Amino acid sequence: MGSGRRVVVWGIGGAALLALLATVLVVVLVGGDDGPEEVWRAENVANGGGEPDVALWVHDGVVTRVGPNAGEDVTGYDAADGTALWGIPAPEGANGPCAASERTNAEGIGAVLYQSREVDGCLVLGVIDTRSGELLWSRDLSALEPFVSTGTVTATVGQDTLTVNLSPANVPEAFQRFDLAGGEPLPVPTADDGCAGGWTPVTIDHADERIVTLDHCPGPSGEPSAEQRFATHVYDAATGGLLWTRFMPDPGTGVSDVRFGEPGAPMIVVENGKLVAYTDAGEELWRLDADEASLAARAVADGVLITERLTEDSSEQSEQVVFEGYALDSGERLWSGEFPALTSFLAADDADDADDADDADDADDADDADGAGGVALLGSYFYQRGDGGQLTLSWLDLADGTGSEIGTVPFPLERSLIESGAALDADHLYLTGTLEQESRLRAFAR
């Protein structure tokens, strides 16, 4: 599956050099060189007007940048040298991109949503083949505008289906499901178990290959005083088949957000502000107690759930950032580390990709690769008057939380709030953000 990007935001301020001091174990940071080798930078990238890029995908030798500008093509670049391979303009009736799938599917298919020219909203959907640079199909969803509220729009591209949630409040009417090959609308799954009158959806959310609904059963017709019942239903996004049901008396105990839902792996959701994991059969595996703080799930890679611990003071520039790793199958905390303020998670790689990069660097270390795991990419922003912005990059070993500094790269700004995105493949790491035009998309050797 193509590597996606996550936007992170820093405010300009001082930050110490990246040092990792764990609360459970000491995370040793191995010093790096002056900086990673820049392999290429894209020459024909618009400046973005100070807005962050919408998406950055990497799949099978193609880096796809979804920029924020009306009139700017979605562009595919050769991952080896940055040559522009293709450009796709916005579909008819659309302005610039406003949302996109976090990653492509295994075939390199990604989804982009555009601002509608007819109504105010992120309501024109386009599906792109990043291998050929072809717009496969598009749909105008402007009829759903009454159900859409301001906030994050999410799209998930599976192998056979595409799901889109146009409402941050998970309003059922704003949830759409399509056949990926031709774009035909597909019915949103419904269940008939345990409710004679039929379940009515209250909210619908999705992640990866899972759709989760919170439904209520109003009781038998003609009995308005009957006790209302609620249930969480979990479906396979590709087939629409019901996987499991959990009945509950109170909707407040249901799933409020779905974070990860790959088949064969635990599904990670948010319930009552806690991160909870379920099997495909609906068995609760674990529930994380955040100790009066919130745990934000950042990524799942190599069997590890990467979280960031948030407190009321987390927005303060002087506050240190805490990342933690939890075993996906048991919820056991594997490591925890404190990082300087303005340090953010950028991307993560499974063990296979990380090992490929290591082997390419040093084939003699192949015997030492046994047990090597995936890595996360961290960025620590630092600003010094006269020198401008700098971004210190580090790898974080997901097995034990130890870190190794990659080096520091210039981070020239277009504005005082910095938003950055990253993507990874076996050979390179790619950075994009609210940067000056000549450095807005750059590739560095791993």
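The values are calculated or read from the model by the stated rules, or taken from the named source; none is laboratory data. Small disclaimer: the values here were computed from a predicted structure and weren't measured. Neighbour counts run over all protein chains shown; Cβ positions are idealised from the backbone, glycine included. Remember, those area values only see protein heavy atoms, side chains included, never the ligands or the DNA or RNA. Shrake-Rupley method; radii C 1.70, N 1.55, O 1.52, S 1.80 Å.
Annotations for the structure displayed:
- Output for segment 96-105, where each listed residue is out of contact with any Gly (no Cβ under 8 Å at 6 or more places or on another chain) and either in a loop (DSSP other than H, G, I, E, B) or not small (Gly, Ala, Ser) (or both): CYS98
- Selection from segment 194-208 of residues that are open to solvent by less than 30 Å² (accessible area, probe 1.4 Å), out of contact with any His (no Cβ under 9 Å at 6 or more places or on another chain) and either among the aromatic types (Phe, Trp, Tyr) or more than 12 Å from ARG229 (Cα to Cα) (or both): ILE204, ASP205, HIS206, ALA207, ASP208
- Residue count for segment 106-117, restricted to those that are more than 19 Å from the chain's Cα centre (by Cα) and either assigned to a strand (DSSP E or B) or of a type in the set (Phe, Trp, Tyr) (or both): 2.
- For segment 211-291, the strands (runs of 3 or more DSSP E) that sit wholly inside it and include 3 or more residues that are at pLDDT 85 or above and surrounded by fewer than 17 Cβ atoms within 10 Å (Cβ to Cβ) are 242-248, 284-287.
- Just one of the listed residues (ALA42, ALA70, ALA55) is modelled with pLDDT under 95, crowded, with 19+ Cβ neighbours inside 10 Å and more than 19 Å from the chain's Cα centre (by Cα), and it is ALA42.
- Criterion applied to ALA366, ALA360 was being within 24 Å of TRP57 (Cβ to Cβ), open to solvent by 10 Å² or more (accessible area, probe 1.4 Å), modelled with pLDDT under 95 and assigned to a helix (DSSP H, G or I), and the one residue passing it is ALA360.
- When SER138, SER142 are screened for being over 23 Å from the mean Cα position of the chain (by Cα), of a type in the set (Ser, Thr, Tyr) and under 24 Å from PRO91 (Cα atoms), only SER142 passes.
- Pairs, first under 19 Å from ALA277 (Cα atoms) in segment 192-221, second open to solvent by 20 Å² or more (accessible area, probe 1.4 Å) and among the basic types (Lys, Arg), C-beta under 9 Å, six or more apart: ALA207/ARG259
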